Structures are given as C-alpha cells and as structure tokens.
Amino acid sequence: MTTGPRLRVGGHLLPGVLAVALFGLIALVVLNTPFEGMAGYPDGISVTAEVGYALLDFTALQSGEGAIGDTEHFLVSFFLMAVVLDAALDASLVLAKREEAGEVVSPYASSGGSDSGAQPATDGGSELHEDERGEGE
C-alpha cells in the first residue's frame with residue numbers, strides 16, 4: 001500500500017533554493033528600479049551612420065550640424081562584442097571536437113572497419129566499395 005509522495009530533504013535541494021533566491025533578488029532589484037522616460041536621439045540622425053563614421057574616422061562627416069558627437073563608446077561596445085562572439089565561436093569549435101584516446105577523430109572516419117582512411121559512403125552505406133567486399137561476394 002502506498003502512503004503518498006514524500007519530500008526528500010537534503011543537500012540536493014541547495015541549487016534549487018539558490019536559484020529561487022537569485023530570482024527573488026533580481027525581481028526585487030527590477031521592481032525597485034525607477035525607469036524614467038526614454039531619451040532618444042534627434043530626428044533625422046542615423047545612429048548607425050554616426051557609428052560608421054566614427055569607426056572609419058570620418059570626423060568631417062560626423063561633426064556636421066545636428067550630428068551625434070562622441071560615439072566612441074559605441075565603438076568600444078562594438079569591439080567588445082566582436083571579441084566575445086569570436087571567443088564563443090572558438091570555444092564552441094573546441095568543445096565540438098571529438099577525441100578518442102587523446103587523438104582527434106575525423107568525422108568521416110569509419111568506426112567499425114580496420115581501415116582508418118576509409119572514405120564515407122555517399123550512397124548512405126547500402127553498397128560496399130570494391131576494397132571492402134569479401135571474396136565470396
């Protein structure tokens with residue numbers, strides 16, 4: 001006869017409790033943050049063009065009437081994002097690399113045969129190549 005579900009109390013609940021506490025802390029910060037009205041850029045000014053002028057050092061085009069000055073902070077964030085995304089791409093390639101016994105495994109290597117330089121079957125593997133067929137076939 002079953003008595004019903006029971007709550008297992010122990011150290012395995014700690015990550016869940018910490019996640020709930022972190023969620024509560026973030027919710028508290030967001031709810032107590034005063035959000036003011038938006039401060040936009042003047043009409044007719046392209047932020048993308050201004051950042052491009054700053055990137056290519058076209059100060060003559062950037063310093064015109066009504067232009068947005070001091071867009072270097074945009075460049076810093078642009079370059080930081082580029083470096084972080086490049087590092088993430090490199091890390092994903094390192095993590096995706098397969099290794100067996102300390103050696104890199106080619107994605108086209110055959111896993112069952114003794115020939116390590118076997119080419120992949122382009123027909124889905126339904127036919128054997130001449131060098132893979134047995135004598136009785």
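Peptide packing: for 94-100, 52-58, the average count of neighbouring Cβ atoms within 10 Å per residue gives the ranking 52-58, 94-100, highest mean first.
I'd like to compare 82-90, 2-10, 38-46: which one has the highest average count of other Cβ atoms within 10 Å, and what's the full order after that?
On the way: 82-90: 10.0, 2-10: 5.8, 38-46: 8.2.
Per-residue mean Cβ counts within 10 Å order the peptides as 82-90, 38-46, 2-10.
If neighbour count is taken as other Cβ atoms inside 10 Å, put 79, 74 in order from fewest to most. List each step's numbers first, then the result.
Values: 79 11, 74 17.
Sorted ascending by nearby Cβ count, the order is 79, 74.
Rule-based calculations on the coordinates, nothing more; no lab input. Bear in mind that the values here come from a model prediction, so they are computed numbers and not experimental data. As a convention, Cβ positions derive from the backbone with ideal geometry for all residues, glycine included, and neighbour counts pool all protein chains shown.
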